[in-house]
Structures are given as structure tokens and as C-alpha cells.
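Shown next, in C-alpha cells, is the structure this report addresses.
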Amino acid sequence: MTVEPEAAIDQINAVFGKHPGHRALHAKGAFYQGTFTATPAAAKLSKALHLQGDPVPIRVRWSNGGGNPTVPDTATDVRGMAVSFRLPDGTATDLLGQTSPEFPLRSVEEFLALVRAAAKPYKIPFFLARHPHTFGAFVANAKAKAIVPPFSYAEVVYYPVHAYSWTAADGTQSWVRYKLTPQQGERPAGEFKGKDRLREEIAARLTAGPVRFTLEVQVAGAGDDPDDPTTSWGTEFFDAGTLEITGLDPEREQNGEIVVFDPTRVVDGVGLSKDPILLYRAGAYTSSVNRRV
Ligand code: HEM
């Protein structure tokens, strides 16, 4: 039986310590604002309101992966980019990406075992010995420098991992996966070496102009299983739109406001797969949120 979400958060808290008011994972991060504009190619495949081509507001949070809110930005770790698309009808849908291109974990228990091992890197070989099917993904993620501290949150690719369905206006359904790919931007002047250097670098970069990412999308090919996040799809990615991050959003989560990015929050035109890891995450995030209220 799968571990209950409350017990999963207990296990994560046991690794990083309890930090009241902070997320159990991705505890260190900050909020940004901007817009998303979809391409006609996206509008053709989904009737969702944020994919029709008119710019919609977005909320973004860039983060370090672990549960320690004071970790230095020089730490070896995955980074996160969470995006909430705010639709004109008042609804929202979220995408949560991490810097690991491959997700080899078949169960929540394996995810928790990796969280424990990653916090004490000498345990990684034991993890690999016990979970040999994850070895290929470890190599791919190492090649992609998934846990190497980046120069900037704006210079790394983020992978939301799970598949979602897109339903077009004529009812046609496609299974899609995403990639958030940075567009070439100017590095800001200055030295960014301190413990909050990622946050400082992105703030300096944003004073010179917006930071842009392409939302890349691939459609499942014949035989690709949308319910299995551990397999790669061989199909080409296409440009589904541009995220333009225009500035900081310092008021977000002030004065008691709680912001939750939830990978299962979808809107008309976007649907969930039966991927058990995806479906489990909603409960785990709720348990984490309840502890930071
Ligand atoms: C069983 C698998 C997973 C569990 C149990 C888990 C657990 C968590 C928890 C507890 C949080 C804090 C939630 C909050 O307090 O708002 C979190 C945040 C986050 N997770 Fe996961 N996670 C899982 C898989 C993933 C995957 C596969 C990705 C991306 C590919 C991901 C990306 C993120 C990101 C980006 C955040 C930060 C969201 C923010 O900035 O508010 N997680 N995760």
C-alpha cells in the first residue's frame, strides 16, 4: 500500500527538519509575474482559454529543490520552476517543472528513498544498488547537469515530467508532455556569489528586461503511455508559446496569503493522465500546505 501523504511529509520533514511556514520541498524560492502567449499550434490542439493566443497573466516561482529554506544557492540540488496560468474566466492551471529531464521513479516510496539519499550523497550508491532501473536516468540527469548549481534560474530547462491530455475544439484528444526552455538572454553585470545568488541574479536580470521561456510540447506517438512518467517519448517538441517573466512579485504570500502550485489543477481543454505519481502529488501538496498555514 502506498504511504499516506501525511506520513510522506513526515518522512520529508525528517530529512530536512521542520521549518514552520515553509514548503516541505522546494522551501527556498521567490515569486515572479509575467504573461504567457500561446502559438496557433497550441490553439489547434487545445481549446483551453490560456492556449488561444491572447496573452494571459502568469505567476512563477523559482526554487531550490530541498526542504531547507536557508540553503545556499551554491548547493547541489535540482531547481524548480512552477507556473500558474491565470485564465480570463478566473480559473487557473499549473505546471511544475524540475531540472531533471528523466523521472525514473516507479512509486512514491522510491521518491521518498531518493529524497533521503539525495540529502546525504554518500547514500546515492546504495540507492542505485537497490533501484538499478534508475541508473540510466541518473546518467541522463547527470549529463543534463540537473543538480549542478546553475549561473541563473533563467539558463536551465525545466521538465514537468507528467503527461496531460489536450482536447481541441472539435473534440480531438492528444496526450502531451512539456518542457520549459529558456530563450537566450543577456547576463546582468555584477558578481553573484553569495548564498542568495540565484535570487539576486534574476532580480538584476529583470531590471534590464523580461526573461523569456518557450513552452515546448510533444505529442505522444503510437505506443507512448501517458500514465508512465518513467518512459521517454521519441516525438519532436514544438513551440506552444512564450512565457515572458517581467518582474518580481514580492507581495505574493505576504499578509497570510497561501499560494499553492498544484500539478493536478487543470481547466477545460486540459486533462489528467492516470499516472499514479501525478495523482498522488495533490494529496502530498495539501499535507504540506496544511503545515505551512
Ligand atoms: C511523489 C512525488 C512527489 C512528491 C511527494 C512531491 C512533494 C512535494 C511537496 C510536499 C512540495 C511542497 C508543496 C507546497 O507546500 O506547496 C513540492 C513542491 C514542488 N514540487 Fe514536488 N513532489 C513530487 C514530485 C515532483 C515532480 C515529479 C516534480 C516536477 C517534475 C515536482 C516539482 C515540484 C516543484 C517545482 C515544487 C515547488 C512548487 C512551488 O514553488 O510552490 N515535484 N513537492
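Tabulated values for the structure
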{"read-out": "Every residue from region 259-293 that is among the polar types (S, T, N, Q) and within 27 Å of A169 (Cα to Cα)", "value": "T264, S273"}
{"read-out": "Residue within region 181-192 that is surrounded by 13 or more Cβ atoms within 10 Å (Cβ to Cβ), without any contact (Cβ under 8 Å) to a residue 60 or more places away in the chain, among the basic types (K, R) and touching a strand residue (DSSP E or B) at 6+ places or on another chain (Cβ under 9 Å) present", "value": "no"}
{"read-out": "Check on R205, of a type in the set (K, R), modelled with pLDDT of 95 or more and more than 16 Å from the ligand (Cβ to nearest atom)", "value": "yes"}
{"read-out": "Search result, residues across region 247-265 that are surrounded by fewer than 15 Cβ atoms within 10 Å (Cβ to Cβ) and part of a strand (DSSP E or B)", "value": "G247"}
{"read-out": "So T35, is it more than 15 Å from the ligand (Cβ to nearest atom) and surrounded by 17 or more Cβ atoms within 10 Å (Cβ to Cβ)", "value": "yes"}
{"read-out": "Residue within region 197-214 that is under 27 Å from R177 (Cα atoms) and either basic (K, R) or surrounded by fewer than 18 Cβ atoms within 10 Å (Cβ to Cβ) (or both) present", "value": "yes"}
{"read-out": "Selection count, region 266-278, where residues are within 16 Å of the ligand (Cβ to nearest atom) and not in a loop (DSSP other than H, G, I, E, B)", "value": "4"}
{"read-out": "Within region 44-70, tally of residues that are over 20 Å from Y164 (Cβ atoms), part of a loop (DSSP other than H, G, I, E, B) and of a type outside the set (D, E)", "value": "7"}
{"read-out": "Members of region 81-116 found to be among the charged types (D, E, K, R), away from the ligand (no atom under 11 Å from the Cβ) and without any contact (Cβ under 8 Å) to a residue 60 or more places away in the chain, listed by number", "value": "R86, D89"}
{"read-out": "Any chance E102 is among the acidic types (D, E) and under 17 Å from the mean Cα position of the chain (by Cα)", "value": "yes"}
{"read-out": "Residues being free of Cβ contacts under 8 Å to residues at least 40 places away in the same chain, more than 24 Å from T93 (Cβ to Cβ) and not charged (D, E, K, R) - total across region 1-54", "value": "3"}
{"read-out": "So R23, is it farther than 23 Å from F213 by Cα, of a type outside the set (S, T, Y), modelled with pLDDT under 95 and part of a loop (DSSP other than H, G, I, E, B)", "value": "no"}
{"read-out": "Count - residues of region 143-155 that are within 16 Å of the ligand (Cβ to nearest atom) and touching a strand residue (DSSP E or B) at 6+ places or on another chain (Cβ under 6 Å)", "value": "2"}
{"read-out": "Qualifying residue in region 215-224 (condition: part of a loop (DSSP other than H, G, I, E, B) and within 14 Å of the ligand (Cβ to nearest atom))", "value": "no"}
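The values are calculated or read from the model by the stated rules, or taken from the named source; none is laboratory data. Keep in mind that this is a model prediction, so the values were computed, not measured. Heads up, the Cβs are rebuilt from the backbone with ideal geometry, glycines too, and the neighbour counts pull from every protein chain shown.
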